[in-house]
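The values are calculated or read from the model by the stated rules, or taken from the named source; none is laboratory data. Just so it is clear, the structure is predicted and the values come from calculations on it, not from any experiment. All Cβ positions, glycine included, derive from the backbone under ideal geometry; neighbour counts span all protein chains shown.
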Amino acid sequence: MHERARHFSTQTWTGGVIGLGYVGLPLAVTMARTGLSAVGYDVSTERVESLRRGRSPIDDVTDSELQWALEHGLEVTADPARLATTDAIFICVPSPLGRNREPDLSHIRAAAATVTDVARPGMLVSLESTTYPGTTEDLIVPAVAAAGLTVDVDVFVAFSPERVSPGDKPTTGDIPKVVGGVTALSTEVAAAAYSRIVPDVHRVSSTRVAEMAKLLENTYRAVNIGLVNEMAQLAAELDIDIWEVVDAAATKPFGFQPFYPGPGVGGHCIPLDPQFLSWRAREANFATRFIDLAEQVNTKMPDYTASRIADALNERGLAVYGTPILGVGIAYKPNVADDRESASLAVLEALAKRGARISVLDPVVGAARIESRGYPVIEPDGPYDGFALAALLTDHDAIDLERLAAEVPVVFDARGAYRRAGLARDNVVSL
Ligand code: SAJ
C-alpha cells in the first residue's frame, strides 16, 4: 500500500469539507463520528454562525448530532484558509443548471480556486458534486497544478458521488460509496480515506466512470418515473387504476422495481442530473433520447395533473375559475421541508392561472415558506371547510387523510396515498 494510502488508512487525519449543505454537513459530521477531525468551510457566514450555535440547517443532521460533532473534532468556519490545515478536501458544493439547462459549474470553479489557495503536499482532493463526466479532470486537476502540485507525486485527485436522499434513511455513514481517481494511485489513496468514513467503498478505474455512475443512478430514476407517469395517463384513458396495476406488478420478486406516478418530478437532483449527461452527449453529437423523452413526460405532469383536477370539478358542475381549492403538500416529496423545483407548486400555478382561488396546507414546509410563495396558509388542524376540492400533491405522513376526505367535498389524490393507507372514500379521485 502506498505510504499516503497507509496514512489515510491508519492515522487520525483531518478532512476539509467545502460546502456545508445537505451533502457536506452530513459528511463532516460523519467524519467526526468516526474519530477523524473535520474542518467544514462554507462561504455563507450566516450559515457558519448558525452552525456554530449548534443549529443544523438540514433535517438529516439534528442539532444534537451537530453539537456532539462540534465537541468532538468538527470545526466550522467561513475562512477558507483553515482548509490549509487539513489532509483531504471534499468538495460538496451545488451544481445547478443555468438558464438554458446547461451545467452551471460556477460553485465548483470557486471551490477549485479555493483548493489552489490551500492545497499542500500530501493532500487528497475529492469532488462530490454531481456533474458531467470529465469535470474533475477539467477543473480539479488544473487547480492543484496551479498550486504547484503534481498528481500522484504530492497530491491525489478523485471523484466520489454523493448519495444522500433527503428525508430517507440510511444516512451518509451507511451508504456504499463509489470512488474513482484520476489515476490508479489516486483511486487507492481516495479509497483509503473514504474507507474511514463509510463501511463500503466501491473503487472504479477513473473519475469519469464515477461521474457517469452517479448520472446513471439518477437518470434511471427519472426515466422510470417518466415511464410510470406515461402509463398513468394511458391507464386513465382505459379507465384502469394505475396504482392497482403498479402494486400488482410489484409482486414480481425479480426484474421489476415499482415507481409511482405523481404530479411531476421535483427536487434538485432528479429533474437536473440527467441534463448533465444530455448536455455532455450533445457535445459528442450523441442524442440521449430516453433522457429527453423522460424530461418531456415529467415536465408535462403538472399540467396534466391540473387538467385532471379541472375534470374532477367539471364532473361536479364546477369550473376552475373562482373555485376555492386547497393545495395539500408543496414540498417536492413527502416528509421533507424543501419545495425547490416542486411539481406541486407547478400544479397550483397552473390552477391559479385558470382562476382558481388557492390556499395551501403543508405542515412540513410551514407557514412562512407557504406565504413566501404567495398563498394563504391553512393551519394543519384546519378547519378545511369552504373548499370545493383538496388537491393532495405531496402526501406527508403528518397529513390527516381521513379528516381531509371528511371535510372537503372532493379530494384529488395525485400520490395514491388513500389506497396506500387502505382508506376507500367515494369522494377521493386518484391520478
Ligand atoms: N418521484 C415520483 N415517483 C417515484 C419516485 C419519486 O414521482 O416513484 C418524485 C418525487 O416525488 C420527487 C422526485 O421524483 O419529486 C425525486 O424523488 P427521489 O425519491 O429521487 O428524491 P431525491 O431527489 O430527494 O433523492 C434522490 C435520491 N433518491 C433515492 O435514491 C430514493 C437519489 O436518487 C440521490 O441520492 C439523490 O436524489 C441525489 O442527491 O442525487
(message) With the requirement that a residue be away from the ligand (no atom under 16 Å from the Cβ) and in contact with a strand residue (DSSP E or B) (Cβ under 8 Å, 6 or more places away or on another chain), what does the stretch 113-137 give you?
(response) 114, 115, 118, 119, 121, 122, 123, 124, 125, 126, 136
(message) Here is a list: 23, 39. Which entry is in contact with a Lys or Arg (Cβ under 6 Å, 6 or more places away or on another chain) and within 24 Å of residue 190 (Cα to Cα)?
(response) 39
(request) Identify all residues within the stretch 133-177 that are crowded, with 23+ Cβ neighbours inside 10 Å and hydroxyl-bearing (Ser, Thr, Tyr); write none if there are none. (result) 135, 136, 160, 172
(message) Against the definition (modelled with pLDDT of 95 or more, assigned to a loop (DSSP other than H, G, I, E, B) and not hydrophobic (A, V, I, L, M, F, W, C)), how does residue 355 come out, yes or no?
(response) yes
(request) Working only within the stretch 99-131, note down all residues that are over 24 Å from residue 47 (Cα atoms) and not aliphatic (A, V, I, L, M). (result) 99, 100, 101, 102, 103, 120, 121, 122, 131
(request) Would you mind finding the one in 34, 14, 10, 62 that is within 22 Å of residue 129 (Cα to Cα), in the same structural domain as residue 108 (by TED's automatic domain parsing) and either in contact with a Ser or Thr (Cβ under 8 Å, 6 or more places away or on another chain) or not small (Gly, Ala, Ser) (or both)? (result) 14
(request) Considering every residue within the stretch 40-57, establish whether at least one is buried (at least 16 other Cβ atoms within 10 Å of the Cβ), in contact with a helix residue (DSSP H, G or I) (Cβ under 8 Å, 6 or more places away or on another chain), at pLDDT 95 or above and among the basic types (Lys, Arg). (result) no
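Condition check ((1) of a type in the set (A, V, I, L, M, F, W, C); (2) outside any helix (DSSP H, G or I); (3) within 16 Å of residue 27 (Cα to Cα)) across all residues:
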{"position": "139", "(1), (2), (3)": "yes, no, no"}
{"position": "156", "(1), (2), (3)": "yes, yes, no"}
{"position": "164", "(1), (2), (3)": "yes, yes, yes"}
{"position": "185", "(1), (2), (3)": "yes, no, no"}
{"position": "209", "(1), (2), (3)": "yes, no, no"}
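Yes/no per residue for (1) in a loop (DSSP other than H, G, I, E, B); (2) more than 16 Å from the ligand (Cβ to nearest atom):
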| site | (1), (2) |
| --- | --- |
| 281 | no, yes |
| 285 | yes, yes |
| 294 | no, no |
| 302 | no, no |
| 313 | no, yes |
| 327 | no, no |
| 335 | yes, no |
| 340 | yes, no |
(message) Scan the stretch 106-114 and tell me whether some residue there is out of contact with any Pro (no Cβ under 6 Å at 6 or more places or on another chain) and part of a strand (DSSP E or B).
(response) no
(request) Please specify each residue of the stretch 220-263 satisfying the condition of being more than 7 Å from the ligand (Cβ to nearest atom) and of a type in the set (Gly, Ala, Ser). (result) 222, 226, 232, 235, 236, 248, 249, 250, 255
(request) Can you tell me which residue among 208, 203, 196 is surrounded by 13 or more Cβ atoms within 10 Å (Cβ to Cβ), free of Cβ contacts under 8 Å to residues at least 60 places away in the same chain and within 30 Å of residue 134 (Cα to Cα)? (result) 203
(request) Go through the stretch 387-431 and count every residue that is in a loop (DSSP other than H, G, I, E, B), of a type in the set (D, E, K, R) and farther than 20 Å from residue 239 by Cα. (result) 3
(request) Might you check whether a residue that is within 16 Å of the ligand (Cβ to nearest atom), surrounded by fewer than 21 Cβ atoms within 10 Å (Cβ to Cβ), under 17 Å from the mean Cα position of the chain (by Cα) and assigned by TED's automatic domain parsing to the domain that holds residue 55 occurs anywhere in the stretch 74-96? (result) yes
(request) Could you tell me which numbered condition residue 258 fails, if it satisfies all but one of (1) touching an Asp or Glu at 6+ places or on another chain (Cβ under 8 Å); (2) surrounded by 16 or more Cβ atoms within 10 Å (Cβ to Cβ)? (result) (2)
